[in-house]
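Asks: Okay, here's the structure, questions in a sec.
Values quoted throughout were computed directly from the atomic coordinates according to the rules given, and no laboratory measurement underlies them. What you see is a predicted model; the values in this text were computed from it and never measured. A quick note on method: Cβ atoms are made from the backbone with ideal geometry, for glycine too, and the neighbour counts reach across all protein chains shown.
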Amino acid sequence: MKIACWSGPRNISTAMMYAFGNREDFSAVDEPFYAAYLALTGRVHPMQAEILAAQPQDPGEVIATLTAPDATPHAYHKHMAQHMIPQIPRDWFGDMRHVFLIRHPARVVASFSAKYDNPELSEIGFVQQAELFEQVLMEGHDPVVIDSLDIRADPEGMLRALCDRLGLAWDPAMLSWEAGPKSHDGVWAAHWYNAVHGSTGFAGAEGEMPRLTGEMATLAEAALPAYQALASCRLRP
């Protein structure tokens, strides 16, 4: 099985990758279209040169790698939904099981804007997640939606439910991992992964909703309909 997990930034996407990557029957891939996205859009991100040098910039080359046989029985692909710009083909989706990892926009915007100046709606992934979800539904797939709020409140219950939905045996190794960098981390980990590198498992339940003002409040409000549409379909333990 190949799992394509579609998230946006500042979610628990890296922790989820660590959870699946800690299983002996899984390999993991970290944001494989990041360099292609930067090359095709011209956007400037932290560690830009390192990312462009570390990954293929040709989407076709990335897709060929993702769809090739794996050395392990299963593979987990951590994707950022905003990377799936029109120039990147989507005709390979049928080879994947699709999981959509969501988080309330106010929490995403508060966290992302602390590390990235003046984010735009197209950079936080909500609209793209909703579009991707509709596409895989129309193609006859069975996408699964999971909310980071639910996972952090009950990691074992939610991950058990996710494995059951995917037809995977439960593995308690998903609940904890060794602190520090992982072999499947992207080169950008040095900028973004400080917190998760200090972790040995999922963080506790989320705190109060952050209070946003001005442009950041407007941004979160613009993303809210897409989040709510997906949240209405989310998996329950």
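Asks: Please order Thr14, Thr200 by the number of other Cβ within 10 Å, starting at the fewest.
Replies: Thr200, Thr14
Asks: Between Asn118 and Ala179, what length comes free when the chain is fully extended (0.36 nm per residue of separation minus the Cα-Cα distance, one decimal in nm)?
Replies: Full-extension gain reported as 18.8 nm.
Asks: Whole-Hz ³J(HN,Hα) for each residue in the range 205-221, computed from phi via Karplus 6.51 cos²θ - 1.76 cosθ + 1.60 with θ = phi - 60°, x for glycine and proline: what do you get?
Replies: For the range 205-221, the Karplus-derived couplings read 4, 5, x, 5, 5, x, 9, 9, 9, x, 5, 5, 5, 5, 5, 4, 5 Hz, x marking Gly and Pro.
Asks: Note down the magnitude of the dipole of the range 52-155 about its Cα centre, charges +1 on Lys and Arg C-beta and -1 on Asp and Glu C-beta and zero elsewhere, to the nearest 20 debye.
Replies: 360 debye
Asks: What ³J(HN,Hα) values, in whole Hz, does the Karplus curve 6.51 cos²θ - 1.76 cosθ + 1.60 give for the range 176-185 when θ = phi - 60°, with x put for Gly and Pro?
Replies: 8, 8, 6, 5, x, x, 10, 5, 8, 4
Asks: Could you list which residues have their amide H under 5 Å from that of Ile102, counting only those 5 or more apart in sequence or on another chain, with H placed in the peptide plane?
Replies: Here Ile146, Asp147, Ser148 satisfy the definition.
Asks: Going by how many other Cβ atoms sit within 10 Å of their own, how do Lys182, Lys115 line up, fewest first?
Replies: If I rank by nearby Cβ atoms, fewest first, I get Lys115, Lys182.
Asks: Is there a quick way to get the dipole size of the chain? I mean about its Cα centre, with the Cβ of Lys and Arg at +1 and of Asp and Glu at -1; what is the value in debye to the nearest 20?
Replies: Using Cβ point charges on Lys, Arg, Asp and Glu, the chain gives about 340 debye.
Asks: I'm spelling it out carefully: the read-out is Rg and Dmax of the Cα atoms in Å, the candidates are (1) 16.7, 49; (2) 17.2, 55; (3) 18.2, 52, and one was derived from this structure. Which label?
Replies: Derived directly from the coordinates: (1).
Asks: Percent antiparallel among DSSP beta bridges with both residues in the chain, to the nearest 5?
Replies: 5 percent
Asks: Next question. Give the relative contact order (percent, whole number) for the chain; include only Cα pairs under 8 Å separated by 6+ residues.
Replies: 29 percent
Asks: Then there is this: Give the long-range amide H neighbours of Lys2: residues separated by 5 or more places, or on another chain, with amide H under 5 Å away, using H modelled in the peptide plane at 1.01 Å from N.
Replies: Distant-sequence amide H within range of Lys2: Ala75, Arg97.
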